[in-house]
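The values are calculated or read from the model by the stated rules, or taken from the named source; none is laboratory data. Since the structure is predicted, the reported quantities are computational estimates derived from the model, not experimental observations. Because the Cβ atoms are built from the backbone with ideal geometry, glycine has one as well, and the counts that use them run over all protein chains shown. Heads up: the accessible areas ignore ligands, DNA and RNA and are worked out on the full protein's heavy atoms, side chains in. Shrake-Rupley method; radii C 1.70, N 1.55, O 1.52, S 1.80 Å.
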Amino acid sequence: MEIVAYGVLSDEEPLLRAAFDKAFAGRHELRCLRLFLDRDTVPTAVGHEIVLSSVNDTLDAGVLRTLAEGGTRMIAQRSTGYNNIDLTAAGELGVTVARVSYYSPYSVAEFAWTLALAVNRRIVRAAHRTRDFDFRLDGLMGRDLRGRTAGVVGTGKIGSAFTAIAHGFGMRLLGWDITENPDCLALGMEYVPRERLFAEADLISLHVPLLPETRHLVDAGTLDLMKDDAILINSSRGGLVDTDALLAALRAGRLTGVGLDVYEEEAGVFFLDKSLEVMTDERLARLMTFGNVLVTSHQAYFTEDAVGQIVRTTVSNVEDYFAGRRGENTLVAAT
């Protein structure tokens with residue numbers, strides 16, 4: 001059987017192939033494609049019983065219908081998030097869906113801190129200057145983090161890892177979540193209402209999934225609560241932040257720094273080379289014009305450790321499908 005994988009990155013492919021070769025010893029051939037799966041590319045999946053999808057694929061009802069009609073019976077998503085998949089349609093079409101429910105939380109937490117430190121200490125601007133042999137310090141002043149307040153929105157595995165690093169910096173810890181994490185409480189975190197967290201925190205980092213109730217969690221009202229010199233970090237899902245509201249705050253001269261590894265309209269842009277094209281997304285282009293904004297292309301998870309774990313879990317999900325098992329990563333089990 002040939003299994004097809006979409007949105008495969010060049011650094012990911014060797015790990016993916018090695019894992020499949022080890023698990024299936026040539027019994028199943030793996031076809032890796034750079035292109036993303038959507039309504040235009042879905043014909044390439046015809047005849048493939050198993051599809052390995054990426055977070056930037058579009059698996060709406062129409063795409064799923066075409067997949068099912070073409071013989072696809074299993075989708076293995078190579079990410080934790082699955083808001084790009086219409087699970088209801090998948091169930092109705094008899095398509096099994098699985099995801100990677102867990103991988104190294106340290107990869108994302110450490111990268112969130114990379115963004116935070118970079119915008120706080122103006123690292124990108126400083127690096128650009130020194131490349132031009134401009135060694136002035138004008139405009140590069142940052143702030144000590146020790147003694148300041150970190151607001152962690154979402155204190156699951158990644159949020160907890162972020163909190164531990166904040167604790168190491170000697171920061172006061174505020175948290176917001178539907179449940180309190182004992183590990184965070186042990187570090188001295190105080191759980192408070194969301195409004196208080198946004199009003200008091202000097203640094204806010206988002207670590208919640210994208211759900212209907214969390215979409216645009218950071219909107220005009222939330223931003224109004226924040227300190228003018230606060231730092232906002234989003235390494236979770238782009239849809240958590242209302243980009244228009246964020247742009248308005250930035251135009252008003254508010255926020256010391258913003259670090260974004262995700263963007264709400266990133267599909268069709270992130271993971272692709274757009275350097276020779278006109279950037280038609282005006283909101284993304286505007287974000288890039290602010291010197292206190294750092295945008296990266298959804299790379300927080302991208303470590304050998306995390307990608308290796310994602311690959312191994314994906315293989316395990318395929319093995320579960322062949323064995324007729326419903327594993328812990330199964331979102332939809334076809335009957």
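Could you give P(r) for the stretch 272-325, binned at 10 Å from zero, as whole percent values over all Cα-Cα pairs?
Over the stretch 272-325, the share of Cα pairs per 10 Å bin runs 18, 28, 21, 22, 11, 1 percent.
If you take every DSSP beta bridge fully contained in the stretch 140-265, what fraction is antiparallel? Give it as a percent rounded to 5.
Around 0 percent antiparallel, to the nearest 5.
Using only alpha-carbon positions, what ratio does the radius of gyration of the stretch 99-255 give when scaled by 2.2 N^0.38 Å?
1.06
So if we plug the beta-carbon distance of residue 190 and residue 277 into 1/(1 + (r/R0)^6) with R0 = 30 Å, what FRET efficiency do we get, rounded to 0.05?
Values: r = 47 Å, r/R0 = 1.57.
Rounded to the nearest 0.05, the efficiency is 0.05.
Which values of log₁₀ I(q)/I(0), to two decimal places, follow from the Debye formula for the stretch 1-112 at q = 0.10, 0.18 Å⁻¹ with a uniform point scatterer at every Cα?
Per q value, in the given order, log10 I(q)/I(0) is -0.29, -0.91.
Given the stretch 64-145 reduced to its alpha-carbon atoms as identical point scatterers, what log10 I(q)/I(0) does the Debye formula return at q = 0.11, 0.15, 0.19 Å⁻¹?
Result of the Debye calculation: -0.57, -0.69, -0.85.
For the stretch 173-217, report the translational diffusion coefficient in µm²/s to the nearest whole number, using Stokes-Einstein at 4 °C, 1.567 mPa s, and a Kirkwood Rh over Cα pairs.
Details: Rh = 11.5 Å.
In µm²/s, the coefficient is 113.
For the stretch 67-72, take each phi angle, set θ = phi - 60°, evaluate the Karplus expression 6.51 cos²θ - 1.76 cosθ + 1.60, and give the result in whole Hz per residue in order, putting x for glycine and proline.
Per residue, the Karplus-derived 3J(HN,Hα) values read 4, 4, 5, x, x, 6 Hz.
Quick check on the chain: helices-only [θ] at 222 nm, where DSSP H runs of length 4 and up contribute -39,500 (n - 2.57) each and the sum goes over total residues. Nearest 500, please.
Here the helix-only value at 222 nm equals -10500 deg cm²/dmol.
Work out Dmax and Rg for the stretch 174-313 from the C-alpha atoms and quote the Rg first, both in angstrom.
Spelled out, the Cα radius of gyration and Dmax of the stretch 174-313 are 16.3, 50 Å.
In sequence order, what are the phi-derived ³J(HN,Hα) couplings for the stretch 302-310 according to the Karplus relation 6.51 cos²θ - 1.76 cosθ + 1.60 with θ = phi - 60°, rounded to whole Hz, with x for glycine and proline?
Once rounded to whole Hz, the list reads 7, 10, 4, 5, 5, 5, x, 5, 4.
Considering only protein heavy atoms, what per residue accessible area in square angstrom results for the chain with a 1.4 angstrom probe?
47 Å²
When the accessible area of the chain is computed with all protein chains present and a 1.4 Å probe, what percentage of it is carbon and sulfur?
51 percent
Quick check for you: which residues of the stretch 188-213 have the amide N under 20 Å from the point 7 Å beyond the Cα of residue 219 toward its beta carbon?
The answer is 193-200, 205-213, whose backbone nitrogens lie closer than 20 Å to the label point.
Normalise the Debye intensity by I(0) for the stretch 94-191, one equal point scatterer per Cα, no solvent, then take log10 at q = 0.13 Å⁻¹ and round to two decimals.
Values returned for q = 0.13 Å⁻¹ are -0.59.
Please give the length that would be gained between residue 128 and residue 305 if that part of the chain were fully extended, namely 0.36 nm times their separation in residues minus their C-alpha to C-alpha distance (nm, one decimal).
Extending this stretch completely gives an extra 60.7 nm.
What is the ratio of the Cα radius of gyration of the chain to 2.2 N^0.38 Å, with N the residue count, to two decimals?
Relative to the rule-of-thumb radius for its length, the chain sits at 1.06.
Hey, any idea what Rg/Rh is for the stretch 172-251, computing Rh the Kirkwood way over Cα pairs? Walk me through the numbers on the way to the answer.
Numbers: Rg = 12.7 Å, Rh = 13.2 Å.
Reported Rg/Rh (Cα atoms, Kirkwood Rh): 0.96.
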